[in-house]
Amino acid sequence: MIQDAGVWAFTNASGTNDSTFSENWYNTGATQVATGAPHNNVLSGNVKVSGGNWPSAARQVMEQAGIEPGLRADAGHSALAPNGAAPKHRTS
């Protein structure tokens, strides 16, 4: 799950080989991946999401990522923001 990235997949053409970027959800950004011989990097099954319309599986990944839920409020983090919006953080 990639949100608001400029380039979300990058490989160095002079030495990144046999990498696979598959089944990612993303809402913006591009890929800069050298595919085909001799690099053999693969982009497969990645899904571009329109706006904040994240599929339920992507939302589940967001909810389970990062600081475990029971500790989020203490660290100044909120639960998943609605519609993919950036969460609001407390200031000290």
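Accessible surface comparison of Ile67, Ile2, probe 1.4 Å, protein chains only, largest first: the order is Ile67, Ile2.
Near the amide H of Val47, under 5 Å away, which other amide H atoms are found, from residues 5 or more places off or on another chain, if H is placed in the peptide plane? It is Asn24, Trp25, Tyr26, by chain and number. What share of Cα pairs, in percent, lie more than 15 angstrom apart in the stretch 7-69? So the portion of pairs separated by more than 15 Å is 58 percent.
Rank these by accessible area, largest first, 1.4 Å probe: Glu63, Glu68.
On the way: Glu63 85, Glu68 120 Å².
Putting Glu63, Glu68 in descending order of accessible area: Glu68, Glu63.
The values are calculated or read from the model by the stated rules, or taken from the named source; none is laboratory data. This is a predicted model, so every value here is computed, not measured. We work out accessible area using only protein heavy atoms, side chains counted, and drop any ligands, DNA or RNA first. Shrake-Rupley method; radii C 1.70, N 1.55, O 1.52, S 1.80 Å.
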